[in-house]
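Heads up: the structure comes next, in structure tokens.
The values are calculated or read from the model by the stated rules, or taken from the named source; none is laboratory data. These numbers come from a predicted model, not from an experiment. So basically every Cβ, Gly included, is an ideal-geometry build from the backbone, and we count neighbours across all protein chains shown. To get the accessible areas, we keep the full protein, side chains included, count just its heavy atoms, and leave off ligands, DNA and RNA. Shrake-Rupley method; radii C 1.70, N 1.55, O 1.52, S 1.80 Å.
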Amino acid sequence: MSQVTIESVLQEERVFEPPAELAAGARIGSMAAYRELVERIEADPDAFWGEQAREQLHWFEPFHTVLDWSNPPFARWFEGGTTNLAYNCLDRHLDGPRAEKTALIWEGEPGDSRHFTYRDLHGEVCRAANALKALGIGKGDLVALYMPMVPEAAIAMLACARIGAPHSVVFGGFSAEALRDRLIDGGVKAVITADGGFRKDKPVALKPAVDRALADGACPTVEHVLVVRRTEQPTAMEPGRDRWWHELVEVQSADCPAEPMASEDRLFVLYTSGSTGKPKGVVHTTAGYNLWAHLTFQWIFDLRDDDVHWCTADVGWITGHSYIVYGPLSNGATTVMYEGAPRPSKPGAFWEVIEKHKVTLFYTAPTAIRAFMKSGREVPDHYDMSTLRILGTVGEPINPEAWMWYREVIGHGRCPIIDTWWQTETGGVMISPLPGATPTKPGSATLPLPGIAADVVDNEGHSVGVDEGGYLAVRRPWPGMMRTVHGDPERFRRSYWEHITGDDGRPLYFAGDGARRDADGYYWVMGRVDDVISVSGHRLGSMEIESALVSHPAVAEAAVVGRPDDLKGEGIVAFVTLQAGVDGSEALGVELRRHVGTEIGPIARPDEIRFSDALPKTRSGKIMRRILRALAAGEEVSGDTSTLEDRSVLDALRV
Ligand code: WT7
């Protein structure tokens, strides 16, 4: 892990108070109320989490222990209890008028839309759950989803949760090879996919990638493939293995009792990139995740009954899990799911969805906001977005210019901006303003949510001083924390809990981000301190891209780093040395980019490939990425280069 240093700290002086009207009706309506809650939890965290779990979730059997932290870093929450996430998201809303409330609004790319009430969604989920059972899938069987943004994606997730089959959603933009790796690692029993999806005005096939992933018996555990019909493209079906969703699901009964699940039963696995090795399967379990998605959604959006919430993420990422599907539905809210994306033919696509569905809570990524800024305010000014109450951002640091633009142009100065810091591993938001309480500063995620023992620390686990850089860490378990890495508990310990130890000898959760805290205690997240690159908020490991590059026959060695990018946050630069006798032509660069796209997915394609005869290494053979990062950014190589083995390499790499 690299050292965090802050040479010049840009001080942001602007502060925006929560709108008085919002604060007046808010669940947490002032800083005094926030502090009071924080103090109440600090006095007895277990009592608070226990009380929230009892009040906010339905239990088939009550739990007897709130938290068992006797074997860190393996936490056990709400032991003894049984509950079901799908029950909490659906069944418990069916007793009263909420049964007829809209649960899900789906807007298709070509402009088709579908509405599901809570009762409708419950029926669909039960049918899908019975279909899975008919295929012989039951409690504990891992089901992969490789889906476009269609309602069936959410329905399939809930159906899995209903029968206790953990899901593993694989982003539809990943390649067949990336899918195969995840299917093998998980030991997946069934795959739910679609013929294709609509992307940027045209149908894009998805099922062929599943066929390629499964070819030649590569994934022997996969017995079934269930295919949703979306684009109606001609689709090859393998007899005995592949079934159409509409044929199997529609004939099922709409009655399927939710399986009582133990609190710590696995709920889902979601792969994410780390600094080393292959992507790791982050494991979340039933009750703790449910409580955290539920509570954070309520808090950060100050949820009201008539809210219409739209999170623009894909369900293939944790943001989609927690804030398109589980957080909103667990709270009985109305959630919007959109298949499309803004594109040249429809630059106002997002604003049109907000106007059409009267969206009140909007949650998107800084990358998207920066792209909107580029096309000018004329586009959003054309739409009526007066229903908006709160604007959220997630995924990467937001620069103050983009923050101000979001506030002024989209929110007309009326809507609080909530910059939410969290990770796949944390299950839900950890650091964020509370819209009715927290004064905001452009570019700061502000303060930890109540009960979150966040800190900025040095290598020894000591809190650093005001405006000093350090590592973002969490001192105490929280309900939504990941429980392990699928199949590799030691990797879980090593990746997150061995970097920093507190004075009491307890390990701290190491997030992998650098941060500083200002005089008001506000957090300013500065980005990754490991070899993780964030492209448009999507997390990619340098090593993953390097492995993809060296799997090409022309490549001898590769080192991949991020460089600052105005639009995407970070771009990818690959330094490549070739096999003897191969020339670094432009055509080879194009081919290598395509190769990475095939191995991982288009988001991992390097923006630039630099061929060189050698890479800067230490005497022990370790690639000095710090030097490559400076070179990629066009900066002078500063700091200590004395450990560099061959100094002439540096000159050759400068362009
Ligand atoms: C990494 C986690 C959590 C959902 C989306 C990404 C970066 C996330 C912020 C923010 C600065 C942020 C961090 C983090 N990140 N939110 N508000 N400000 N950085 O989930 O793929 O697990 O990535 O995204 O670097 O570690 P993820």
Completion exercise
Taking region 386-403 and keeping residues open to solvent by 10 Å² or more (accessible area, probe 1.4 Å), without any contact (Cβ under 8 Å) to a residue 60 or more places away in the chain and assigned to a helix (DSSP H, G or I) leaves GLU401
Problem - Output for region 253-264, where each listed residue is surrounded by fewer than 18 Cβ atoms within 10 Å (Cβ to Cβ) and in contact (Cβ under 8 Å) with a residue 24 or more places away in the chain - result: SER253, ALA254, ASP255, PRO260
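Would you confirm whether or not region 585-607 contains a residue that is touching a residue at least 40 places away in the same chain (Cβ under 8 Å), outside any strand (DSSP E or B) and on the phi > 0 side of the Ramachandran plot?
Taking region 585-607 and keeping what is touching a residue at least 40 places away in the same chain (Cβ under 8 Å), we get 592, 595-604, 606-607.
The next check asks that each one be outside any strand (DSSP E or B); those that pass are 592, 595-604, 606-607.
Then keep just the ones that are on the phi > 0 side of the Ramachandran plot; that gives 601.
Yes - at least one qualifying residue is present in region 585-607.
Determine whether VAL269 is open to solvent by less than 30 Å² (accessible area, probe 1.4 Å) and either touching a Gly at 6+ places or on another chain (Cβ under 6 Å) or charged (D, E, K, R) (or both).
Details: open to solvent by less than 30 Å² (accessible area, probe 1.4 Å): yes; either touching a Gly at 6+ places or on another chain (Cβ under 6 Å) or charged (D, E, K, R) (or both): yes.
For VAL269, the condition - open to solvent by less than 30 Å² (accessible area, probe 1.4 Å) and either touching a Gly at 6+ places or on another chain (Cβ under 6 Å) or charged (D, E, K, R) (or both) - is met.
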Problem - Any hit, region 479-494, residues being in contact with a helix residue (DSSP H, G or I) (Cβ under 6 Å, 6 or more places away or on another chain), of a type in the set (S, T, N, Q) and under 30 Å from ALA371 (Cβ atoms) - result: no
Handout entry: strands (runs of 3 or more DSSP E) contained in region 418-535 and holding at least 1 residues open to solvent by less than 20 Å² (accessible area, probe 1.4 Å) and of a type in the set (Val, Ile, Thr)
Key = 454-457, 469-474, 532-535
Problem - Among the residues listed as ALA159, ALA129, ALA144, ALA99, the single one being within 30 Å of PHE350 (Cβ to Cβ) and either modelled with pLDDT under 95 or in a helix (DSSP H, G or I) (or both) - result: ALA159
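Within region 405-419, can you find the residues that are out of contact with any Leu (no Cβ under 9 Å at 6 or more places or on another chain) and in contact (Cβ under 8 Å) with a residue 40 or more places away in the chain?
Taking region 405-419 first, the residues out of contact with any Leu (no Cβ under 9 Å at 6 or more places or on another chain) are 405, 408-409, 413, 419.
Listed by number, the list is empty, since nothing qualifies.
Of all residues in region 404-416, how many are crowded, with 22+ Cβ neighbours inside 10 Å and either within 16 Å of the ligand (Cβ to nearest atom) or among the acidic types (Asp, Glu) (or both)?
The initial filter retains those residues of region 404-416 that are crowded, with 22+ Cβ neighbours inside 10 Å, namely 406, 410, 415-416.
Subsequent filtering for residues that are either within 16 Å of the ligand (Cβ to nearest atom) or among the acidic types (Asp, Glu) (or both) retains 406, 416.
Of the residues in region 404-416, 2 are crowded, with 22+ Cβ neighbours inside 10 Å and either within 16 Å of the ligand (Cβ to nearest atom) or among the acidic types (Asp, Glu) (or both).
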Handout entry: Residue in region 463-471 that is within 13 Å of the ligand (Cβ to nearest atom) and more than 20 Å from CYS311 (Cα to Cα) present
Key = yes
Practice task
Working carefully through the options LEU540, LEU578, find the one that is open to solvent by 10 Å² or more (accessible area, probe 1.4 Å), closer than 25 Å to ALA632 by Cβ and either in contact (Cβ under 8 Å) with a residue 60 or more places away in the chain or away from the ligand (no atom under 16 Å from the Cβ) (or both).
Solution key: LEU578
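From the residues in region 34-72 that are hydrophobic (A, V, I, L, M, F, W, C) and under 20 Å from ARG483 (Cβ atoms), which one is surrounded by the fewest Cβ atoms within 10 Å (Cβ to Cβ)? Walk me through it before giving the result.
Within region 34-72, the subset hydrophobic (A, V, I, L, M, F, W, C) is 37-38, 41, 43, 47-49, 53, 57, 59-60, 63, 66-67, 69.
Filter once more, keeping what is under 20 Å from ARG483 (Cβ atoms): 49, 53, 57, 59, 63, 66-67, 69.
On the way: TRP49: 23, ALA53: 25, LEU57: 24, TRP59: 19, PHE63: 20, VAL66: 22, LEU67: 19, TRP69: 14.
My answer is TRP69.
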Exercise for the section: Out of the residues in region 334-378 that are part of a loop (DSSP other than H, G, I, E, B) and touching a residue at least 60 places away in the same chain (Cβ under 8 Å), state the one that is surrounded by the fewest Cβ atoms within 10 Å (Cβ to Cβ). Expected result: SER345
Practice task
Can you tell me which residue within region 543-561, out of those that are open to solvent by less than 50 Å² (accessible area, probe 1.4 Å), in contact (Cβ under 8 Å) with a residue 60 or more places away in the chain and more than 17 Å from PRO602 (Cβ to Cβ), is farthest from the chain's Cα centre (by Cα)?
Solution key: ALA559
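Within the group VAL409, VAL429, which residue is among the β-branched types (Val, Ile, Thr) and more than 21 Å from the chain's Cα centre (by Cα)?
Values: VAL429 fails: more than 21 Å from the chain's Cα centre (by Cα).
On inspection, the qualifying residue turns out to be VAL409.
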Fill in the blank from the handout: Output for Cβ contacts, cut-off 6 Å, separation at least six or different chains, first residue more than 21 Å from PRO442 (Cβ to Cβ) and open to solvent by less than 60 Å² (accessible area, probe 1.4 Å) in region 11-33, second outside any helix (DSSP H, G or I) and of a type in the set (A, V, I, L, M, F, W, C), reads ILE28/LEU434; ILE28/ALA437; SER30/ALA437
Exercise for the section: Return a yes/no flag: does region 226-244 have any residue that is touching a strand residue (DSSP E or B) at 6+ places or on another chain (Cβ under 6 Å), open to solvent by less than 20 Å² (accessible area, probe 1.4 Å) and of a type in the set (Lys, Arg). Expected result: no
Practice task
Return yes or no: is ASP565 within 16 Å of the ligand (Cβ to nearest atom), among the acidic types (Asp, Glu) and open to solvent by 30 Å² or more (accessible area, probe 1.4 Å)?
Solution key: yes
Completion exercise
Note on region 207-248: residues over 20 Å from VAL150 (Cα atoms), of a type in the set (Asp, Glu) and without any contact (Cβ under 8 Å) to a residue 24 or more places away in the chain are ASP216
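Residue under question is GLY277, and the condition is that it be outside any strand (DSSP E or B), in contact (Cβ under 8 Å) with a residue 40 or more places away in the chain and on the phi > 0 side of the Ramachandran plot; does it hold?
Details: outside any strand (DSSP E or B): yes; in contact (Cβ under 8 Å) with a residue 40 or more places away in the chain: yes; on the phi > 0 side of the Ramachandran plot: yes.
Here the answer is yes, as GLY277 does meet what is asked.
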Completion exercise
Per the filter on region 296-308, residues within 16 Å of the ligand (Cβ to nearest atom) and open to solvent by less than 10 Å² (accessible area, probe 1.4 Å) are THR296, PHE297, ILE300, PHE301
